[in-house]
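Bear in mind that the values in this text are calculations on the coordinates, not laboratory data. Small disclaimer: the values here were computed from a predicted structure and weren't measured. Methodologically, a virtual Cβ is constructed for each residue, glycine included, from the backbone with ideal geometry; neighbour enumeration extends over all protein chains shown.
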Amino acid sequence: MNLSGNFQPRIKIQSRNLNLWYGDHQALKQIDIDIHQNKITALIGPSGCGKSTFLRCINRMNDLIDHTCVEGQMVIDGKNIYDADVDEVAVRKRVGMVFQHPNPFPKSIYENLIYAPLKHRQVKKGNDCDELVETSLKKAGLWNEVKDKLHTPGTSLSGGQQQRLCIARAIAVKPDVILMDEPTSALDPISTKKIEALMMELKESYTLVVVTHNMQQARRTADFTAYFHLGELVEFNTTEQLFTQPQETLTSDYISGRFG
Ligand SMILES: Nc1ncnc2c1ncn2[C@@H]1O[C@H](COP(=O)(O)OP(=O)(O)OP(=O)(O)O)[C@@H](O)[C@H]1O
Ligand SMILES: [Mg+2]
């Protein structure tokens with residue numbers, strides 16, 4: 001990587017010696033990874049290798065699952081989010097999440113967007129909310145399609161539109177990191193392309209970490225790629241390097257389709 005000139009890589013998120021157990025099953029083993037700010041990092045690997053588990057460690061969503069135990073550090077902007085003095089709700093505000101299946105609340109498009117910001121007292125009812133709804137939908141590339149029906153149910157949109165609504169909902173809370181767990185695997189190719197284009201735009205303002213089973217998607221969108229296998233981080237590199245010159249046999253077997 002060229003470190004000369006103006007390019008100053010900034011590490012947004014660092015996991016250090018991160019271990020996670022579900023009961024007595026260890027699902028993550030000593031994960032050390034540096035995630036760059038304003039870049040897209042893809043997490044790839046066979047089913048069950050721990051991608052979603054690792055993603056959920058970045059916003060402490062695993063805390064919501066019984067019998068989980070996390071050891072080690074997940075440092076965001078220099079602070080370990082597992083420290084005792086950290087409020088996990090505040091973490092989830094800064095680190096938004098989008099899931100595989102679009103999951104709008106059973107409420108209007110408008111209410112989907114203002115629900116959390118109102119709860120967190122980030123906005124006041126009225127103009128403030130109207131503005132937030134418009135800017136979030138614009139950032140998610142959905143405004144033109146829904147501006148005349150903001151008060152219809154979010155669930156009445158197409159799957160691809162619902163996923164962009166969920167992205168808008170994540171953005172509305174003003175996070176600085178957005179996690180996406182297989183955000184396009186339930187979508188058709190055209191909706192997928194829109195989300196991928198949106199991801200490329202969003203990285204200007206946010207740090208994105210995206211789980212994908214679609215290696216072409218990782219190659220098209222991600223700056224960095226991490227390959228997980230059986231709870232271990234086997235390889236982490238620029239996407240270009242990882243796909244063209246994998247250092248580990250496990251990685252090359254996976255990306256060449258020999259297993260997974
Ligand atoms: N809530 C849970 N309770 C117990 N074990 C779990 C739980 N969630 C995941 N696991 C286990 O932890 C391991 C990692 O699962 P995880 O869901 O992180 O994998 P993944 O890489 O996201 O897989 P996929 O590609 O299928 O989504 C698996 O062995 C899985 O069975
Ligand atoms: Mg998963």
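When you look at Tyr115, is it under 25 Å from Leu137 (Cβ atoms), touching a helix residue (DSSP H, G or I) at 6+ places or on another chain (Cβ under 6 Å) and more than 16 Å from ligand 2 (Cβ to nearest atom), yes or no? No, not satisfied. The numbered conditions (1) over 14 Å from Ile40 (Cβ atoms); (2) more than 16 Å from the chain's Cα centre (by Cα); (3) among the hydroxyl-bearing types (Ser, Thr, Tyr) are all true for Ser185 except (2).
Given the condition within 16 Å of ligand 1 (Cβ to nearest atom), in a strand (DSSP E or B) and touching a Phe, Trp or Tyr at 6+ places or on another chain (Cβ under 7 Å), answer yes or no: does some residue in segment 71-83 qualify? Yes, the conditions are met somewhere in segment 71-83.
Within segment 163-216, the set of residues being in contact with a His (Cβ under 7 Å, 6 or more places away or on another chain) and on the phi > 0 side of the Ramachandran plot comprises just one member, Glu182. Taking segment 114-135 as the range and being farther than 20 Å from Ala90 by Cβ and surrounded by 15 or more Cβ atoms within 10 Å (Cβ to Cβ) as the test, the residues that pass are Cys129, Val133, Thr135. Restricting attention to segment 25-56, and to residues there that are polar (S, T, N, Q) and near ligand 1 (Cβ under 6 Å from one of its atoms), which single residue is farthest from Glu201 (Cα to Cα)? Here the answer is Ser47. Tell me, which residue of segment 226-253 that is assigned to a strand (DSSP E or B) and within 14 Å of ligand 1 (Cβ to nearest atom) is surrounded by the most Cβ atoms within 10 Å (Cβ to Cβ)? Once the filter is applied, the top-ranked residue is Tyr227. Considering only residues in segment 23-56 that are part of a strand (DSSP E or B) and within 16 Å of ligand 2 (Cβ to nearest atom), the one that is surrounded by the fewest Cβ atoms within 10 Å (Cβ to Cβ) turns out to be His25. For Asn59, the stated conditions do not hold, so it cannot be described as surrounded by fewer than 17 Cβ atoms within 10 Å (Cβ to Cβ) and more than 9 Å from ligand 1 (Cβ to nearest atom). For a quick check of your reading of the model, give me the residue pairs whose first member lies in segment 46-61 and is within 15 Å of Glu232 (Cβ to Cβ), whose second is within 6 Å of ligand 1 (Cβ to nearest atom) and among the aliphatic types (A, V, I, L, M), with beta-carbon atoms closer than 7 Å and at least 6 apart or on different chains. Short answer, once both residue conditions are applied: Gly50/Ala27; Thr53/Ala27. The set of residues in segment 70-98 being surrounded by fewer than 16 Cβ atoms within 10 Å (Cβ to Cβ) and among the hydrophobic types (A, V, I, L, M, F, W, C) consists of Ala84, Val86, Val89, Ala90. Whether any residue in segment 173-192 is away from ligand 1 (no atom under 16 Å from the Cβ), assigned to a helix (DSSP H, G or I) and closer than 26 Å to Ile31 by Cα is what I want to check. Within segment 173-192, none of the residues are away from ligand 1 (no atom under 16 Å from the Cβ), assigned to a helix (DSSP H, G or I) and closer than 26 Å to Ile31 by Cα.
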